[in-house]
1. Go through the stretch 321-331 residue by residue and turn each phi into a ³J(HN,Hα) via Karplus (6.51, -1.76, 1.60, θ = phi - 60°); whole Hz please, and just put x for glycine and proline.
2. For the pair LEU244 and ASP71, what calculated FRET efficiency results from E = 1/(1 + (r/R0)^6), where r is the Cβ-Cβ distance and R0 = 41 Å, to the nearest 0.05?
3. Could you work out which residue, out of ARG109, ARG172, ARG77, moves most in a Gaussian network model of the chain, that is, has the largest mean-square fluctuation with Cα springs under 10 Å?
4. Using θ = phi - 60° and the Karplus curve 6.51 cos²θ - 1.76 cosθ + 1.60, what whole-Hz ³J(HN,Hα) does each residue of the stretch 65-71 get, with Gly and Pro shown as x?
5. Could you tell me the calculated FRET efficiency between LEU54 and VAL322, based on Cβ-Cβ distance and R0 = 51 angstrom, to the nearest 0.05?
6. Cα centroids of the stretch 1-80 and the stretch 246-275: how far apart, whole angstrom?
7. Taking Cα pairs under 8 Å and at least six residues apart, what relative contact order does the stretch 1-147 come out at, in percent?
8. Defining a contact as two alpha carbons under 8 Å apart and six or more residues distant in sequence, what relative contact order in percent does the chain show?
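Coordinate-derived values only; no laboratory data. Because the structure is a prediction, the values reported are computed rather than measured. Note that we place each Cβ from the backbone using ideal geometry, even for glycine, and neighbour counts take in every protein chain shown.
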Amino acid sequence: MIRLENLTRRYPGSQHAAVNRLSLNVRQGEFCVFVGPSGCGKTTTLRMINQLDLPDEGRVLINEVPVEQSDVITLRRRIGFVMQHAALFPHRTVAGNIATVPRLLGWKRARIKQRIEELVALMGLETAMLDRYPHQLSGGQQGRVSLARALAADPPILLMDEPFAAVDPVVRQRLQGELLDLQQRLHKTIILVTHDIDEAIRLGDNIAIFRHGGELVQYDSPARILAAPADAFVERFIGPDPTLKRLGLLQVTHLPRHDVPLVDEALRPIETAWPTLPSAWRLVIDQQQRPLYWLSVHGERLAVSHTIGGRDTLRQALAALVHTPTDLLLHLDEQGRYQGGISTGSLRHSLNGPQAVS
Ligand SMILES: Nc1ncnc2c1ncn2[C@@H]1O[C@H](COP(=O)(O)OP(=O)(O)OP(=O)(O)O)[C@@H](O)[C@H]1O
């Protein structure tokens, strides 16, 4: 969908290229994250995709058509741009900000009003906020309005330049989650720029890692970058504990099912179709598959204290396992019914075995 071919940009007076012979393909519906240290050419690349800056060499193609063949109106209809630090127009209300591109495209007032109402609902904004000015909003609210403005004309492509840099870590995490939920519904083609590798790992289907001088070092899925960094620079950039980060990418439901030793309320063993994790403890479950208590081979009883849900990550599972007295963690569904068991061994297997994160 977006193809960069040998894209090169040298600013006058600078010895090094800001972006150097960059070639990259972003598929339709892909969430691609550009990451790298400050000044490595990420913003310059986004600006060239959006025609705010022109390459000295190479070209940008959208759906195989070079962008320079598109007029500004077509480009704004196709590409929503979320600028660094939200960058809302300070003298326009929230409604005025959101209406920017629809007005540019000459939409009728009624259509703009209807679209603003849709976006308010989509982004979880309050209608009362529409008449306020940007300085009357929190950082998180400004972020949402900025995204609503970028989505106003329903463009298939979203370019986002450090959209969460100005908000505190708690709000950032929430906005990241909201963006992922939104993407599941909207299926845009997204390029997001950040210098935060953890943000890149959480959001990206693919991550492009740049180094100074606008050189692309590795372009791959987060799991493959963590499992097989291209060189020492990438290794340093992803930082310590790549294994924990890999575990953070997988949900409990992705693990092949294992069972703990199971017995019914009359302590009769329950056979299952899945491999059983070795343990001196047996889990007593009722007829509705709800866990009742643990029973040791010596008849000792233990309450069920640590459980995990299917949507939790394997990193959360590992953290919980550290605290389980039985060294077994129970996976329960939303109704509290038993769905399988996890041990440190089965987690290790998920990283190294045939279904390893790759
Ligand atoms: N208008 C400009 N004129 C001259 N040099 C520029 C201009 N804009 C950017 N540069 C230089 O080009 C290089 C790449 O800048 P760019 O803003 O693309 O990097 P970045 O990776 O987005 O950085 P950051 O993460 O700090 O935003 C830097 O060395 C920067 O100083």
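1. Couplings: 4, 4, 9, 7, x, 8, 6, 10, 10, 8, 9 Hz.
2. On the way: r = 48 Å, r/R0 = 1.18.
With a Förster radius of 41 Å, E is 0.25.
3. ARG109
4. Ordered by residue, 3J(HN,Hα) equals 10, x, 4, 5, 7, 9, 7 Hz.
5. Details: r = 54 Å, r/R0 = 1.06.
Calculated value: 0.40.
6. 48
7. On the way: 173 pairs, mean separation 31.1, N = 147.
Contact order relative to length: 21 percent.
8. Working: 661 pairs, mean separation 56.9, N = 358.
Relative contact order comes out at 16 percent.
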